[in-house]
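A short reminder: the numbers here are calculations on the coordinates, not readings from a lab. The model shown is predicted, which means the values in this text are computed figures rather than measured ones. Here the Cβ positions follow ideal geometry from the backbone for every residue, glycine too, while neighbour counts run over all protein chains shown.
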Amino acid sequence: FVESIVLLLLQVTRNMSSAIKLDAVAQAHIQAYWEYKNIVGDTDGGKLLSETEYAQRKARALEEQKNRVYVSWLNEDGLECRAVGPSSKCFCGHKFRDHD
């Protein structure tokens with residue numbers, strides 16, 4: 001199922017002028033996929049975590065969200081702020097979620 005969602009997203013990305021409509025169930029599956037990918041990343045080694053392991057990882061991620069880091073810089077147009085999270089790149093080039 002995940003593979004079919006990824007293929008669908010790739011097709012939509014290639015042709016952004018197309019609109020697709022998804023029912024609530026499909027939307028929930030896509031949301032669950034992105035949430036899992038954002039929280040776990042590639043640290044699962046390609047094997048899905050059990051529900052218990054994922055619940056623990058999700059709880060830890062929610063707790064860590066309370067202490068978000070914000071980076072600010074001044075560009076030509078003014079002040080920009082950005083939250084640093086699991087998908088942000090570390091100085092070493094890896095995403096923060098890949099550091100466990």
Worksheet item: Taking residue 58 as the anchor, which lysines have their alpha carbon closer than 28 Å to its alpha carbon, excluding any fewer than eight residues away along the same chain?
Response: 37, 47, 66, 89, 95
Fill in: Inter-site label distance for residue 98 and residue 32 at 7 Å from Cα along Cβ, in nm
2.7 nm
Worksheet entry | Distance in nm between pseudo-label sites at residue 21 and residue 42 (7 Å out along the Cβ direction from Cα) | 3.8 nm
